[in-house]
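Read the structure below first, then the notes.
The values are calculated or read from the model by the stated rules, or taken from the named source; none is laboratory data. Please read all numbers here as calculations on a predicted model, not as lab measurements. Here the Cβ positions follow ideal geometry from the backbone for every residue, glycine too, while neighbour counts run over all protein chains shown. Areas reflect the complete protein model, heavy atoms only, side chains present, ligands, DNA and RNA absent. Shrake-Rupley method; radii C 1.70, N 1.55, O 1.52, S 1.80 Å.
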Amino acid sequence: MSTRLDGNALAGPMSEIFGRDMTAVIGRCRNCGDASELARTMVYPDAPGIVVRCPGCREVLFTLVHARGRTLIGFGTIAGLQG
Ligand SMILES: [Zn+2]
């Protein structure tokens, strides 16, 4: 069983890229149309990288991978971010 956290766990990793706390930003899922604050997402930190799943349909919204001092965002079903 992998650890599951809520989207507040994204505050640190996402601020490394965006320079601010992104947990209150609205993310929209292309798969189910859910639009929720990133704080409401389901975060699995133990995968290779961090996997962020939609609270509506559980599809992978995006992933965050740290490598060589950089962070890579891989886009899944995330259709947009609205801050
Ligand atoms: Zn969804």
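Across the stretch 29-52, the qualifying residues are those that are within 11 Å of the ligand (Cβ to nearest atom) and among the hydroxyl-bearing types (Ser, Thr, Tyr), and the one among them that is surrounded by the fewest Cβ atoms within 10 Å (Cβ to Cβ) is Ser36.
Is it true that Glu16 is over 9 Å from the mean Cα position of the chain (by Cα) and within 16 Å of the ligand (Cβ to nearest atom)? No: the conditions fail for Glu16.
Screening Arg58 against (1) open to solvent by 80 Å² or more (accessible area, probe 1.4 Å); (2) of a type outside the set (Val, Ile, Thr); (3) more than 13 Å from the chain's Cα centre (by Cα) leaves a single unmet condition, (3). The set of residues in the stretch 74-83 being open to solvent by 50 Å² or more (accessible area, probe 1.4 Å) and β-branched (Val, Ile, Thr) is empty.
A single entry from Thr3, Thr71 fulfils the requirement of being among the hydroxyl-bearing types (Ser, Thr, Tyr) and surrounded by 13 or more Cβ atoms within 10 Å (Cβ to Cβ): Thr71.
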